[in-house]
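Novice: Let me begin by handing over the structure; questions about it come next.
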């Protein structure tokens, strides 16, 4: 068996077209969805991510603006910049690119973003909403994974789903979102004893640990859907995921590549959340 490759780039193009149609409808009502992206410092990887996010906004006809702040900016000044964007009626979504410099309290920054503009889905209100089943803006990466599963018509209800990773950005919200879809969910970490005993039972395996090639072919159930969220740069410069792609693709039924799998969908769902924020603003008016 050779797995079907889930082409995140191709799916993202098609999904973004659907959101472009909603942007066009908003424009007819006099609303231009706007996203503000804040980047602090000169992290090369962060700059690539930010550039791709702004490009995606332009593709669907949204307004986007970059706020490029110095590495040594004070926390107070950063919070003031966010507050100004909170009050800006032309901005419907605010994203602060992570990581931030060590002298800045990340939690304080994320909590300063207005809930109605938290399109990254990291505010405690939105994370808490996942538990209650009524979050406004799901975190973009697990939202993208869910969209991939739905687009490929992969059954979730009643399936065994195993999440390897427990971060607030991916692991925990992913588990909650799959639980809402009536999957039977197990959450593991890279330190789980005998990880294989859990992963080998998974119909849907989502891996997000930041440990290259953690999951090997012998750890995967034949025919399983394997979603690799990890992205790691090896010493030789190659980008790889948390899954041994070459080995696992010979066992799995579906698998996402790295790069080109989950990443494009994460950006797509950021666009989606910003459009929803603009639609909610229009509804409130």
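The values are calculated or read from the model by the stated rules, or taken from the named source; none is laboratory data. What you are looking at is a predicted structure, and each value in this text was computed from that prediction instead of being measured. Neighbour counts run over all protein chains shown; Cβ positions are idealised from the backbone, glycine included.
Novice: Please go through segment 146-178 and pick out each residue that is without any contact (Cβ under 8 Å) to a residue 60 or more places away in the chain, surrounded by fewer than 17 Cβ atoms within 10 Å (Cβ to Cβ) and farther than 20 Å from residue 215 by Cβ.
Specialist: 150, 153, 155, 157, 158, 168
Novice: Here's something else I'd like to know. What about residue 11, is it free of Cβ contacts under 8 Å to residues at least 24 places away in the same chain and either more than 30 Å from residue 217 (Cα to Cα) or assigned to a helix (DSSP H, G or I) (or both)? Don't jump to the end; show me each part of the working.
Specialist: Values: free of Cβ contacts under 8 Å to residues at least 24 places away in the same chain: no; either more than 30 Å from residue 217 (Cα to Cα) or assigned to a helix (DSSP H, G or I) (or both): yes.
So residue 11 fails the test.
Novice: Let me ask another. Quick one: how many residues across segment 208-237 are over 22 Å from the mean Cα position of the chain (by Cα), surrounded by fewer than 13 Cβ atoms within 10 Å (Cβ to Cβ), at negative phi and not in a helix (DSSP H, G or I)? Can you show your working first?
Specialist: Quick first cut of segment 208-237, residues over 22 Å from the mean Cα position of the chain (by Cα) only: 216-223, 234-237.
Retained after the next criterion (residues that are surrounded by fewer than 13 Cβ atoms within 10 Å (Cβ to Cβ)): 218, 222-223, 234-237.
With the extra rule that they be at negative phi, the set shrinks to 218, 222, 234-236.
Cutting the leftovers down to not in a helix (DSSP H, G or I) gives us 222, 234-236.
Final tally of qualifying residues: 4.
Novice: Mind listing whichever residues of segment 24-38 are surrounded by fewer than 21 Cβ atoms within 10 Å (Cβ to Cβ), touching a helix residue (DSSP H, G or I) at 6+ places or on another chain (Cβ under 6 Å) and outside any loop (DSSP other than H, G, I, E, B)?
Specialist: Listed by number, the list holds a single entry, 26.
Novice: Can you find even one residue in segment 6-16 that is touching a strand residue (DSSP E or B) at 6+ places or on another chain (Cβ under 7 Å), at pLDDT 95 or above and within 21 Å of residue 147 (Cα to Cα)? Break it down into steps so the answer makes sense when it comes.
Specialist: Filtering segment 6-16 down to residues touching a strand residue (DSSP E or B) at 6+ places or on another chain (Cβ under 7 Å) leaves 6.
Retained after the next criterion (residues that are at pLDDT 95 or above): 6.
Then drop every residue that is not within 21 Å of residue 147 (Cα to Cα), which leaves 6.
Yes: segment 6-16 contains one or more residues that are touching a strand residue (DSSP E or B) at 6+ places or on another chain (Cβ under 7 Å), at pLDDT 95 or above and within 21 Å of residue 147 (Cα to Cα).
Novice: With the requirement that a residue be free of Cβ contacts under 8 Å to residues at least 12 places away in the same chain and either within 21 Å of residue 21 (Cβ to Cβ) or under 14 Å from the mean Cα position of the chain (by Cα) (or both), what does segment 240-284 give you? First the steps, then the outcome.
Specialist: Just the residues of segment 240-284 that are free of Cβ contacts under 8 Å to residues at least 12 places away in the same chain, to begin with: 246, 283-284.
Within segment 240-284, 283 is the sole residue that qualifies.
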